[in-house]
Amino acid sequence: MKDVVDLDVEVPQERLSELMADPARTTEWMDDVERCEAVAGVPGTPGSQYRLVPRKGSIVFVATVLSRDVPNELRLALESPQASVKVTSRFVPLSADRTRLISEEVFTFRGAFKIVGLFTRPAIHKAHRHHIEAFKRFAERER
């Protein structure tokens, strides 16, 4: 299942991509993540991994930075026993102080979650949009 959210952010491309690429800042805008724990590598660099521990629920994702082409694109793989998510964030400059953020998530569900995935598309889109809008608010405060 694929979901795309895009919106314009009043932040220069370079700054916006740097904020998104810094896993240490994740808890400042993802309100459902309690903490981000380094697992391997230098945080935020290709090949590095970190664990996203939720405030509620039991699904813990391990994120792997697949590529980091700041200021243009960031690619992550999120893995849990229930699902994997490939995340691509693209940053398109619109002006010196405005950037279009295009966030694409591709979900693959495992086991019994394959059936659950069929029925949760609206909830997944809502959560994806919520996260990207929260990131926008965070980034515009951090300009």
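The residues on offer are T64, T88, and the sole one that is among the hydroxyl-bearing types (S, T, Y) and either out of contact with any Lys or Arg (no Cβ under 7 Å at 6 or more places or on another chain) or on the phi > 0 side of the Ramachandran plot (or both) is T64. Only one of the listed residues (I132, I102, I115) is touching a residue at least 12 places away in the same chain (Cβ under 8 Å), outside any strand (DSSP E or B) and not acidic (D, E). That residue is I132. Can you tell me which residue within the range 53-63, out of those that are touching a Pro at 6+ places or on another chain (Cβ under 9 Å) and either polar (S, T, N, Q) or farther than 17 Å from L19 by Cα (or both), is modelled with the lowest pLDDT? Among them, the one singled out is I59. If the condition is being small (G, A, S), assigned to a strand (DSSP E or B) and either in contact with a helix residue (DSSP H, G or I) (Cβ under 9 Å, 6 or more places away or on another chain) or buried (at least 17 other Cβ atoms within 10 Å of the Cβ) (or both), then the range 43-95 contributes A63, A83, S89.
The values are calculated or read from the model by the stated rules, or taken from the named source; none is laboratory data. Since this is a predicted model, take the numbers as computed values, not measurements. Cβ coordinates were reconstructed from backbone atoms using ideal geometry, including for glycine residues, and neighbour counts include every protein chain displayed.
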